[in-house]
């Protein structure tokens, strides 16, 4: 019996459902405990895993393909990298933004973005190819209908008649939102979005299915309560509050995750997240 369905974000192509659950379940339990809620048995929590759909195949070598700035041809990938760069520069004074004078040796805008991001605290430790591959996964979701359908199918497959709460992170919030909108027959679900890019105009929001109308995204008919949790220092949710995009029924909550602002674990261990989950389960 699955009462809580978890949906992960990008960069999990070499992991699996059980591998992720080993991290997510304890963090989720800690958040619920901090909120004073009753614990949920581990077997009632499942992971809607889709990372393998982005696992590279057919190239020489192991792991992620060797990518550099010259491989960024798609407008969505380029704009996403630039927006991450702009957001990182706003948070960190030492990161020069897109409007800063370019050094002659790096005139290419994408290369400048990659250089700046690789030196930011938020993206510390990520190579250029990992940054590009992260942006590419977002692009593949929105531009490859087969990929999008398969990701959403994985989410839909995880929902059972006993499901009460959907907890999604990063790109997973997009897949979860679209699945929830597609199934109005699901009833009384609580949607908890963590570090969500759903509100980012042009790159994400305006590409959603169903399409927004009049600048407003559709409220999923299957959802009775939506809590959106974001860290001020999280670069991925460029728009931290979703109420302006999806209506004032969204409860926007701001938290502080420390140095790893986009990491799902501090999101899950936060009292605010635990409270939202516990309330959705009726255990608080």
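Every read-out reported here was derived from the displayed coordinates using simple, explicitly stated rules and does not represent laboratory data. Please read these numbers as outputs of a predicted model, since none were measured by experiment. Counting neighbours? That spans all protein chains shown, and the Cβs are built from the backbone with ideal geometry, glycine included.
Sort out for me the Cα centre separation of segment 1-62 from segment 236-255, rounded to whole Å.
Distance between centres, Cα-based: 23 Å.
Between 0 and 90 degrees, rounded to the nearest ten: what's the tilt of helix 109-118 against the longest Cα principal axis of the chain?
Taking Cα atoms only, the helix is inclined about 60 degrees.
Which percentage, to the nearest 5, of the DSSP beta bridges contained in the chain is antiparallel?
Bridges in the chain that DSSP calls antiparallel: roughly 5 percent.
Could you tell me how many degrees, from 0 to 90 and to the nearest 10, lie between the Cα long axis of helix 17-34 and the main elongation axis, the longest principal axis, of the Cα atoms of the chain?
Between the helix axis and the principal axis of the chain, the angle is about 60 degrees.
On a full-extension model of 0.36 nm per residue, what is the gain between residue 153 and residue 221, subtracting their alpha-carbon distance, rounded to one decimal in nm?
Separation in residues times 0.36 nm, less the Cα-Cα distance, equals 22.6 nm.
If you take the beta carbon distance between residue 209 and residue 251 as r and set R0 to 30 Å, what does 1/(1 + (r/R0)^6) give as a FRET efficiency, to the nearest 0.05?
Plugging the Cβ-Cβ distance into 1/(1 + (r/R0)^6) gives 0.80.
In which sequence would 236, 192 go, from the one with the fewest C-beta neighbours within 10 Å to the one with the most?
Lowest to highest Cβ neighbour count: 236, 192.
With a point put 7 Å past each Cα toward its Cβ, work out how far residue 185 is from residue 55 in nm, to one decimal.
Simple spin-label model gives 3.2 nm for this pair.
Does anyone have the angle between helix 75-91 and the longest principal axis of the chain? Alpha-carbon axes, 0 to 90°, nearest 10?
80
What order do you get for 115, 75 when you list them from fewest to most C-beta neighbours inside 10 Å?
Listed from fewest to most nearby Cβ atoms, that is 75, 115.
Which value at 222 nm does the chain reach when only helices count, each DSSP H run of 4 or more adding -39,500 (n - 2.57), with the total divided by all residues and rounded to the nearest 500 deg cm²/dmol?
-11500 deg cm²/dmol
Report the extension gain between residue 22 and residue 73 in nm, rounded to one decimal, defined as 0.36 nm multiplied by the number of residues separating them, less their alpha carbon distance.
Here the answer is 14.7 nm.
Sticking with the crude label model, points 7 Å out along Cα→Cβ, report the distance from residue 232 to residue 260 in nm, one decimal please.
For the pair residue 232/residue 260, the computed spacing is 2.2 nm.
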